[in-house]
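> Here's a structure for you.
The values are calculated or read from the model by the stated rules, or taken from the named source; none is laboratory data. Predicted, not measured: the structure shown is a model, and the values here were computed from it. Methodologically, a virtual Cβ is constructed for each residue, glycine included, from the backbone with ideal geometry; neighbour enumeration extends over all protein chains shown.
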Amino acid sequence: MTSDRITPVKAKRHLALFAAACAVAALLATNAWCEVKPVPLTDADCGKCHAEPVAQMDKDGGRHKTEMGCLGCHENHPPMGEAVIPECSDCHDGSENPHFALKDCSQCHSPHAPVIGDFDKLGEVKPACLTCHPQIGKEMAEKPSKHAEQDCSECHNQHGTAKGQFSTCLDCHEGHNDKMTYANCKQCHNPHQPTAYEWDEKTPANLCAACHEEQVAQLNKNGAAHASELHCSECHQQHPPAQQGVIPKCADCHDPDENAHFKVKNCSACHNPHEPLEVHLDKVSPVKPVCLTCHEEPGRQMHEYPSAHAEMDCKECHEEHGEHQECLECHDGHAKDMRYDDCLACHRPHMPTHLQFGTSGIESKLCGSCHGDQYKQLSANNSKHAEVECVFCHRRTHKVVLSCDNCHGQPHDPSIHEKFAECSRCHKGPHNLRN
C-alpha cells in the first residue's frame with residue numbers, strides 16, 4: 001500500500017522540479033520580450049520631457065505646428081539616434097523669398113514660436129520687414145514722409161494687422177475733431193503714404209475743416225449750389241503735394257458754350273468758389289462788360305436811352321453784387337420828404353431820362369420841383385384841375401400833354417370853337433384855369 005505522506009526526500013525533489021520550471025519560464029519570458037517591437041513616438045510624447053517648447057509650439061507655432069509638428073524637424077532622438085536640429089534653410093529656400101536669405105533667423109524667430117510677438121525686443125526690424133512687404137517699401141519711397149523715416153516697430157507692436165498689433169493714427173496724432181475715428185483717418189490717409197491724400201465722396205467736409213476752417217465755413221454759409229449739390233472731394237480730387245487735380249477749372253462744370261458769362265476769364269477776380277454768389281466787384285475794372293454778360297436787359301436800356309448813368313461803370317452804383325445805391329444817395333430829391341419808392345414811380349435807374357408813370361399815385365409836388373411855375377399856379381387855382389394829379393393829364397410818358405378835348409370834348413357851340421381854337425385864350429391855360 002502506497003503512502004501519500006511527503007517525506008523530506010520527496011520535498012527536496014519537488015522543490016528542484018519547481019525551480020527548474022521557473023527557470024524555463026523565465027527563459028521563455030525573456031525570449032518573448034526580445035521579440036516585441038517598440039511603439040513609435042508621437043508629438044504628444046515630446047511634451048512629457050520638453051514641456052516648454054511644446055507649449056510655445058501650441059500657442060504660436062503657426063505652420064510649424066499645423067504642417068510640421070515636432071517629428072517633422074527632429075527625426076531622431078538619443079540614445080537610439082543623434083539629436084537633429086535642422087537649419088531653417090532646409091525648408092525656407094532663400095531663392096524663393098528674399099526674407100529667407102536673411103542671416104541669423106533666431107534674432108527674430110524662435111523655431112517653436114515662429115510667429116513674432118513683441119517687436120520692441122528685436123531692435124531695428126525695417127530691413128527684414130521689407131523683404132516680405134516690398135510694396136510698402138515702394139510706397140514709402142515714392143511718397144517720402146516722416147513715417148518713412150521710422151522703423152516699423154515704432155507703429156507695429158506685433159506682427160499682423162489685428163486690433164492691438166499696431167498703433168492707430170490717433171495714438172500719436174490729434175484728430176481733426178473730437179469725434180474723429182481711425183476709420184475717418186483712413187478716408188484720406190494711407191499710413192505708409194500719409195501725405196498722399198486720397199478720399200472719396202463719403203469723406204465728410206467737417207474733416208476738411210480741421211485744416212481749411214475758413215473755406216468750409218464760407219461754403220456752409222454762402223456756398224449756394226456748390227454746397228448743396230457738390231462735395232469738397234468732387235472739386236478737389238487731389239491734395240498737395242500733388243500737382244494736378246487740386247484746384248479745378250471753373251469751366252469743368254460751367255460750360256462756356258452754355259452761357260456768355262462763362263466765357264469770361266479770371267473767374268476768381270469776382271467769385272470765391274466757396275461762396276460763389278458773394279461777388280466782389282471791386283476787384284475788376286471796368287466790371288461793366290462782365291456784368292452785361294448776365295444782365296442783358298440793363299445793357300439794352302442804357303444803349304437805347306443814353307444818360308450819365310450809361311456812361312458809368314456798374315460798380316459805381318452796385319458796390320456789392322445784388323445790392324444797389326438808392327437815387328437819394330447821389331441825387332437831391334424833388335421834395336424833402338421824398339422816398340426812394342417815389343423816385344421809382346417815374347425813373348428807371350438804367351434809363352433815368354426816360355420817365356414813365358401811370359395816371360395816378362404820384363404827388364403833384366414832386367413834379368413841381370422841376371415845373372415850379374405850373375405847380376404854383378395849379379396850387380392857387382380853385383378849379384377842379386387843382387384837385388387832379390399832374391400825371392392824370394401828363395400820363396404814361398414825360399412831356400405828354402393832353403388836349404382839352406381829351407376830357408372835355410367840345411363844351412361850347414361849334415361856332416365858338418371855330419372862332420377860338422385855343423381854349424387858353426379864354427381860360428388862361430390848364431394850370432391857371434379860369435372859368
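> Looking only at region 300-315, filter to residues that are touching a residue at least 12 places away in the same chain (Cβ under 8 Å) and assigned to a helix (DSSP H, G or I); which one of those is farthest from residue 350 (Cα to Cα)?
315
> Same structure again: If the requirement is being in a loop (DSSP other than H, G, I, E, B) and crowded, with 17+ Cβ neighbours inside 10 Å, which of these qualifies: 318, 254? Full working, then the answer.
Values: 254 fails: crowded, with 17+ Cβ neighbours inside 10 Å.
That would be 318, the only listed residue that is in a loop (DSSP other than H, G, I, E, B) and crowded, with 17+ Cβ neighbours inside 10 Å.
> Within region 108-120, is there a residue that is within 26 Å of residue 195 (Cβ to Cβ) and assigned by TED's automatic domain parsing to the domain that holds residue 154? Let's see the steps before the verdict.
Quick first cut of region 108-120, residues within 26 Å of residue 195 (Cβ to Cβ) only: 119.
Now drop any that are not assigned by TED's automatic domain parsing to the domain that holds residue 154, which leaves 119.
Yes.
> Select from region 82-122 the residues that are of a type outside the set (Asp, Glu) and loosely packed, with under 11 Cβ neighbours inside 10 Å and list them in ascending order. Explain how you work it out, then say what you get.
Within region 82-122, the first condition is being of a type outside the set (Asp, Glu), and the residues that meet it are 83-86, 88-89, 91-92, 94-95, 97-103, 105-117, 119, 121-122.
83, 84, 85, 95, 103, 106, 121 - these are the residues of region 82-122 that are of a type outside the set (Asp, Glu) and loosely packed, with under 11 Cβ neighbours inside 10 Å.
> Among 187, 193, which is touching a Ser or Thr at 6+ places or on another chain (Cβ under 8 Å), free of Cβ contacts under 8 Å to residues at least 24 places away in the same chain and under 28 Å from residue 245 (Cβ atoms)? Before you say what the answer is, go through the steps one by one.
Values: 193 fails: free of Cβ contacts under 8 Å to residues at least 24 places away in the same chain.
Unique residue meeting the criteria: 187.
> Then there is this: Report every pair of residues separated by at least 6 positions or lying on different chains whose Cβ atoms are under 7 Å apart, first residue within region 415-428 and surrounded by 10 or more Cβ atoms within 10 Å (Cβ to Cβ), second not in a loop (DSSP other than H, G, I, E, B).
Correct list of pairs: 420/426.
> Is there any pair with a first residue in region 196-220 that is assigned by TED's automatic domain parsing to the domain that holds residue 243 and under 17 Å from residue 179 (Cα atoms) and a second that is outside any loop (DSSP other than H, G, I, E, B) and aliphatic (A, V, I, L, M) whose Cβ atoms are under 8 Å apart and which are 6 or more apart or on different chains, and what are they?
Qualifying pairs under 8 Å: 205/216; 205/219; 206/216; 208/216; 209/216; 209/217.
> Moving on to the next point. Please identify the pairs in which a residue from region 114-129 that is within 27 Å of residue 70 (Cβ to Cβ) has its Cβ atom under 9 Å from the Cβ atom of a residue that is among the basic types (Lys, Arg), counting only partners at least 6 apart or on another chain.
Note: pairs meeting the criteria are 114/63; 115/59.
> Please work out which residue is surrounded by the most Cβ atoms within 10 Å (Cβ to Cβ), limiting yourself to region 201-219 and to residues that are over 12 Å from residue 274 (Cα atoms) and not aliphatic (A, V, I, L, M).
Result: 208.
> Shifting gears a bit: What tally of residues in region 207-224 results from selecting those that are farther than 15 Å from residue 271 by Cα and in a loop (DSSP other than H, G, I, E, B)?
4
> So, one more: Which one of 409, 429 is of a type outside the set (A, V, I, L, M), modelled with pLDDT of 90 or more and either under 17 Å from residue 371 (Cβ atoms) or over 60 Å from the mean Cα position of the chain (by Cα) (or both)?
Numbers: 429 fails: modelled with pLDDT of 90 or more.
Only one candidate qualifies: 409.
> Would you mind finding the one in 348, 396 that is at positive phi and in contact (Cβ under 8 Å) with a residue 40 or more places away in the chain?
396
> Now for a different question. Working only within region 197-214, note down all residues that are closer than 11 Å to residue 184 by Cβ and modelled with pLDDT under 80.
Within region 197-214, just 202 meets the criteria.
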